[in-house]
Amino acid sequence: MRSDSDLDFSSPDLTGRFDNLDPWQAQIGLKQFGENLQAAASAVFPPVLPHSYNKIYVLMLSWEDEDSEHPISPDLTGLFKVFKNVYHFDVEHWRIPVVGCHVETNQKILDFVGLGNDSKDDLKIVFYAGQSKLIKNGSIAWIRSLDSRYPAVQWSGIQNALEQAFSDVLMLLDCPHSGSSNNDGVGNTELIAASNYSPTSNQDAHFTFTQDLELELRELSKLSTFSVGNLYHNIFCRMQSRTAEDQEFRPPIYLSLNQEHTYLPRSIRLAAHKRGSWDTPTLPSRLTSEDSFEVQPPTTSFSHGLGESDSSFQNSSAVLAGHAPRMAFAIRIGNGFNVEDLSSDLFLDWVRNMPGSEEVKIEAAFHSNAALLIVSVPICMSIYLPKDPAIVNLGPI
């Protein structure tokens, strides 16, 4: 699973440094690499869809006394309406108090986790829009303003509470974020944030992440069901399309805080709430015990290509068909594999039988003591590729 540090896309400084060659010696078998690709593809397009959630709760967080130089309220209103009126989720907007912010926010999170008796059949979504910074212990904290006089809400306590939830949890953070996955929780916990935190993080972007999230959720609501991988893929595409050629692209980050099975990742799936049929004239803003979140299986297979014929995947309208960015990886293939085998019938049959074969591209191949392949995959698959020291993330192309 890719961590947010893995998705920083910075190149390691190898100039003149040959004191640690262990990472260069790591190799992976072709069969194991194929299984990793299959796991990543199945996370976005599972052969059997997981159970539908009985309830989906949303907690939207912003500061009570928001920074006048960076107001978020107008953007939050639009996103709130999408969650409530388009998806018909159970939504609450709670404002973080300046006084006692850390204790009050942590208690609010604990209360939120406990909704519905913390059932594994529910989904909890936590959204935050505001500023962030690194504090003395090196962890991230939420702050009202970059002015150091204001108190902070430490992220570590919130992360621990959400990771230990029995329900699945999705975190959407409109702020620079930094952290790591503990992977010692109970349910499936995923996080998407506006960017990776760095000393040069731009916190004056007027919360474009919230606007992008609203747009993509509106578009994806047309699908019977979609994955968090699809959502991240589309936000990534929209943010990149808006970045001028002479500007540095700071991509949104994805972090899997907890997976039930590390090497068989699962992507949380969302769907607009339906009650009875599409012809229902009105839908409740709050859910009752009789309500459920119905999803339908995809009508076509993954191999048709992303967004071409699949009812469970949709590309962002911000990019033209076939022009979505991809993530490149360098893979050292061991077990006697030779790059000359790339043109053999055996290898071509292996590729054709791979899930999502039309979406996996071999960009280059080199042979040394082990075959080195440069492979690109869609953004939505890249975030679920199981970690292996022989697989190195090279960044988007």
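The values are calculated or read from the model by the stated rules, or taken from the named source; none is laboratory data. It should be emphasised that the depicted structure is a prediction, and the values quoted were computed from it without experimental measurement. Heads up, the Cβs are rebuilt from the backbone with ideal geometry, glycines too, and the neighbour counts pull from every protein chain shown. Ligands, DNA and RNA are excluded from the accessible area calculation, which covers all protein heavy atoms including side chains. Shrake-Rupley method; radii C 1.70, N 1.55, O 1.52, S 1.80 Å.
Before moving on, here are some points about what is shown:
- Close Cβ contacts (under 7 Å, 6 or more residues apart or on different chains) running from residues in the stretch 38-67 that are closer than 30 Å to residue 107 by Cα and at pLDDT 90 or above to residues that are part of a strand (DSSP E or B) and hydroxyl-bearing (Ser, Thr, Tyr) comprise 61/128.
- Considering residues of the stretch 381-397 that are of a type in the set (A, V, I, L, M) and part of a strand (DSSP E or B) only, the residue nearest to residue 324 (Cα to Cα): 394
- Listed by first and then second residue, the pairs with beta-carbon distance under 9 Å, at least 6 apart or on different chains, first residue in the stretch 383-397 and farther than 25 Å from residue 248 by Cβ, second among the small types (Gly, Ala, Ser) and assigned to a loop (DSSP other than H, G, I, E, B), are 384/267; 387/3; 388/26; 389/26; 390/26; 390/334; 390/370; 391/26.
- Lone unmet requirement of (1) of a type outside the set (A, V, I, L, M, F, W, C); (2) at pLDDT below 90; (3) surrounded by fewer than 17 Cβ atoms within 10 Å (Cβ to Cβ) for residue 119: (2)
- Where residue 360 falls short, out of the listed (1) out of contact with any Asp or Glu (no Cβ under 8 Å at 6 or more places or on another chain); (2) at pLDDT below 60: (2)
- Within the stretch 368-387, considering residues that are surrounded by 14 or more Cβ atoms within 10 Å (Cβ to Cβ) and over 19 Å from the mean Cα position of the chain (by Cα), the one modelled with the lowest pLDDT: 370
- Every pair of residues 6+ apart whose Cβ atoms lie under 6 Å, when the first sits in the stretch 103-124 and is under 21 Å from residue 173 (Cα atoms) while the second is assigned to a helix (DSSP H, G or I): 106/157; 109/158; 109/161; 110/161; 113/161; 122/116
- Number of the condition not met by residue 140 [criteria: (1) surrounded by fewer than 21 Cβ atoms within 10 Å (Cβ to Cβ); (2) farther than 28 Å from residue 54 by Cα]: (1)
- Exactly one residue among 110, 76, 61, 37 is open to solvent by less than 30 Å² (accessible area, probe 1.4 Å), within 30 Å of residue 147 (Cα to Cα), of a type in the set (A, V, I, L, M, F, W, C) and not in a strand (DSSP E or B), and that residue is 76.
- Among the conditions (1) outside any loop (DSSP other than H, G, I, E, B); (2) touching a residue at least 40 places away in the same chain (Cβ under 8 Å), the only one that residue 95 does not satisfy is (2).
- Of all residues in the stretch 263-290, those that are open to solvent by 10 Å² or more (accessible area, probe 1.4 Å), hydroxyl-bearing (Ser, Thr, Tyr) and modelled with pLDDT of 55 or more total 1.
- Cβ pairs under 7 Å, 6+ apart, first in the stretch 359-380 and more than 20 Å from residue 322 (Cα to Cα), second modelled with pLDDT under 90 and aromatic (Phe, Trp, Tyr): 371/337; 372/366
- Restricting attention to the stretch 315-330, the residues that are among the polar types (S, T, N, Q) and surrounded by fewer than 16 Cβ atoms within 10 Å (Cβ to Cβ) add up to 1.
- Selection from the stretch 210-262 of residues that are surrounded by 21 or more Cβ atoms within 10 Å (Cβ to Cβ), out of contact with any helix residue (DSSP H, G or I) (no Cβ under 9 Å at 6 or more places or on another chain) and more than 26 Å from residue 160 (Cα to Cα): 225
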